[in-house]
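In what follows, a single structure is set out as structure tokens and then discussed.
Laboratory data are not the source of any read-out in this text; all were calculated from the coordinates shown. This structure is a prediction, so every number in the text was calculated from the model and none was measured. Cβ: placed from backbone, ideal geometry, glycine included. Neighbour counts: every protein chain shown.
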Amino acid sequence: MAYKITEECINCGACEPECPNQAISAGDTIYVIDPEKCTECVGSHDESQCKAVCPVDACIPDSDRQESREDLQAKYKRLHG
Ligand code: SF4
């Protein structure tokens with residue numbers, strides 16, 4: 001499932017450069033994750049990089065977006081060729 005950024009976000013920007021899929025960008029009020037690009041870091045890392053660097057634990061799995069590991073791997077392939 002894609003990750004999302006909660007209202008806890010303090011706009012530090014630490015996550016943005018860490019995402020291997022360029023899924024994170026500055027939104028109107030807080031940083032946002034494009035679910036079409038988030039693979040939970042499947043394909044490139046063992047753990048979600050945004051979650052690993054977020055100082056306030058604002059990056060969490062979005063339970064509304066269930067995807068299998070195979071789906072996530074396929075998404076990674078689509079994004080990176
Ligand atoms: Fe990017 Fe990984 Fe965070 Fe998804 S979990 S937004 S792929 S850093």
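Before rounding to the nearest 500, sum -39500 (n - 2.57) across all DSSP H runs of length at least 4 in the chain and divide by the residue total; then give [θ] at 222 nm in deg cm²/dmol. Roughly -6000 deg cm²/dmol at 222 nm, from the helical runs in the chain. Which residue, chosen from 32, 74, 17, occupies the Cα position most advanced towards the positive end of the dipole of the chain, where the dipole is computed from +1 (Lys, Arg) and -1 (Asp, Glu) charges on Cβ about the Cα centre? The residue sitting farthest along the positive end of the dipole is 74.
Stokes-Einstein diffusion coefficient for the range 3-80 at 37 °C in a medium of 0.692 mPa s, Rh from the Kirkwood formula over Cα pairs: what value in µm²/s? Once the numbers are plugged in, D ends up at 263 µm²/s. For the pair residue 46 and residue 28, the difference between a 0.36 nm per residue extended length and the Cα-Cα distance amounts to 3.5 nm. Under a 5 Å amide H cut-off, with hydrogens placed 1.01 Å from N, residue 3 pairs with 40, 62 among residues at least 5 apart or on other chains.
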